[in-house]
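Student: Below is one structure. I have some questions about it.
The values are calculated or read from the model by the stated rules, or taken from the named source; none is laboratory data. Keep in mind that what you see is a predicted model, and the values were worked out from it rather than measured. Because the Cβ atoms are built from the backbone with ideal geometry, glycine has one as well, and the counts that use them run over all protein chains shown.
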Amino acid sequence: MIALTKALHIAALSIWCAGLIALPVILQFYGRSAKVHDQAGFAEFRLLSHRAYTGVITPAAIVAISAGTALIFMEGLRTPWLMAKLGTVAGMVLIHAWMGYLIGKTGEGAGRYRVPTPLPAMVLALALMGVTLWLVLAKPDLAPLADHLPDWLLQPRGRELAPALVPI
């Protein structure tokens, strides 16, 4: 079961990471071209970007994160390198959300919205993917770094969650 979950996680993660590279390229070179200023060009760009984001890349991200979470529980992992990896994945999620925001803004602008350059997001996504891959493959001992964290981050505070944060 673990092997199947890992295979699903890796396959979905590959699609998600490819999308985090492809979306900025689409937005930069197609979304900023003169073609999007006429109706046919805008409709083609909108269909390509929206369907790729909502139909392929976001479902792949959800499957990758769900399978990764399942693997954490199946293998009982609680190591510092995993916590660092979750931080890099959170950065990838933020880039993913920003790409969705830009795609939404282009759809609302009907070709008039000038897309800010998304290439820095692609560079940051590539860096996060590289660090994530290194953390997973090298599994470095980050325990000495955890010793430098302040005490309030390492101990429970002894407080209840706010009622608004309790799901049930």
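Student: Taking residue 77 as meeting all but one of (1) surrounded by 14 or more Cβ atoms within 10 Å (Cβ to Cβ); (2) free of Cβ contacts under 8 Å to residues at least 60 places away in the same chain, write down the number of the exception.
Tutor: (1)
Student: Restricting the search to segment 134-148, which residues are hydrophobic (A, V, I, L, M, F, W, C) and exposed (fewer than 10 other Cβ atoms within 10 Å of the Cβ)?
Tutor: The answer is 137, 138.
Student: Also, quick follow-up: Within segment 40-57, track down each residue that is more than 29 Å from residue 10 (Cβ to Cβ), in contact (Cβ under 8 Å) with a residue 24 or more places away in the chain and surrounded by fewer than 17 Cβ atoms within 10 Å (Cβ to Cβ).
Tutor: Answer for segment 40-57, where residues must be more than 29 Å from residue 10 (Cβ to Cβ), in contact (Cβ under 8 Å) with a residue 24 or more places away in the chain and surrounded by fewer than 17 Cβ atoms within 10 Å (Cβ to Cβ): just 41.
Student: Name the single residue, out of those in segment 84-121 being without any contact (Cβ under 8 Å) to a residue 40 or more places away in the chain and over 28 Å from residue 42 (Cα atoms), that is surrounded by the fewest Cβ atoms within 10 Å (Cβ to Cβ).
Tutor: Only one residue fits best here, namely 90.
Student: Taking residue 70, is it surrounded by fewer than 17 Cβ atoms within 10 Å (Cβ to Cβ), aliphatic (A, V, I, L, M), modelled with pLDDT of 85 or more and touching a Ser or Thr at 6+ places or on another chain (Cβ under 7 Å)?
Tutor: Judged against the criteria, residue 70 is a match.
Student: Please work out if residue 124 is in contact with a Gly (Cβ under 9 Å, 6 or more places away or on another chain), touching a residue at least 12 places away in the same chain (Cβ under 8 Å) and surrounded by fewer than 20 Cβ atoms within 10 Å (Cβ to Cβ).
Tutor: yes
Student: In segment 141-168, which residue that is in contact (Cβ under 8 Å) with a residue 12 or more places away in the chain and in a loop (DSSP other than H, G, I, E, B) is nearest to residue 80 (Cα to Cα)?
Tutor: The qualifying residue nearest to residue 80 (Cα to Cα) is 142.
Student: Can you tell me which residue within segment 48-77, out of those that are over 21 Å from residue 98 (Cβ atoms) and of a type in the set (A, V, I, L, M), is nearest to the chain's Cα centre (by Cα)?
Tutor: For segment 48-77, the residue satisfying everything is 67.
Student: Can you pull out the residues in segment 117-135 that are farther than 24 Å from residue 81 by Cβ, in contact with a helix residue (DSSP H, G or I) (Cβ under 6 Å, 6 or more places away or on another chain) and in a helix (DSSP H, G or I)?
Tutor: Across segment 117-135, the qualifying residues are 119, 121, 122.
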